Structure formats: structure tokens, C-alpha cells
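Since every read-out is calculated from the coordinates, none of them should be taken as a lab result. Fair warning: this is a prediction, and the values are worked out from it, not measured in the lab. Every residue, glycine among them, receives a Cβ derived from its backbone with ideal geometry; neighbour counts consider all protein chains shown.
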Amino acid sequence: MTELESYDIEESHLKSFELYEEYSQRIIADTIRIRRENFAKTDLKAKRELQIKVEREVKNFRTWLEETKNLEPNTAYYYSVSLKSLLLGLPVGVQVARFFGTIMDKLARK
């Protein structure tokens, strides 16, 4: 059962990544890498500005999901918020690191 739940979570994150790539017209692995590099190099004020920019981007992505993909507001919220730490360049926790690894593996297979 745990493996099944883990698979469902991973699949929903992959769907979120694919939708974000469609929305942004950028490969998410590149976006994450660039954001991580930028976040690591900035001072506190620039980090705060980046956080504000990402908040706006997450909101715009959620709106796009609702209007373009006809997703329910709760689903759009889940997909958009689940990307927030990655868009900030701050992968946290083992699960996020595993999801990022899955993205990289998927891109390598293409």
C-alpha cells in the first residue's frame, strides 16, 4: 500500500512538472538548476525579491491551470503550490530530491 501511495504522489508531481513546462515553455530541470544557482549566489534582499517573484509565478500558474486546463481550483492549487520550493531553487527533503532525480532520468531517456 505504501508503494502504491508513493507511486501516486510521484505521478502527480510528474504531471505537475509537465504542466509547468507547458505553461512556462521551459524545461523544468533547467529552471530548477538556474534558480538553485541564482538563489545560492544572492544576498538576503535579492532572495526576498525572488520569493515574491515565485509567489506571483505560482499564482499565475494556478490561474493558467484553471483557465487553460479547466482544472478545479483545489487541483490547480495543489499542482502549483507543490512546485514552489523547486521554483525557488530550494529542493527540500528526500521526496523532492527523488522527484528531481525522476525528472532528470525522464529527460535522459528522451
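General remarks:
- The set of residues in the stretch 26-48 being surrounded by 12 or more Cβ atoms within 10 Å (Cβ to Cβ), more than 18 Å from the chain's Cα centre (by Cα) and not β-branched (Val, Ile, Thr) consists of Ala46 alone.
- Residue match in the stretch 33-44 (condition: in a helix (DSSP H, G or I) and over 30 Å from Arg109 (Cβ atoms)): yes
- Residues satisfying the stated conditions in the stretch 45-76, i.e. assigned to a helix (DSSP H, G or I) and of a type in the set (D, E, K, R): Lys45, Lys47, Arg48, Glu49, Lys53, Glu55, Arg56, Glu57, Lys59, Arg62, Glu66, Glu67
- Considering the stretch 77-89, and only residues there that are outside any helix (DSSP H, G or I) and of a type in the set (Gly, Ala, Ser), the residue that is farthest from the chain's Cα centre (by Cα) turns out to be Gly89.
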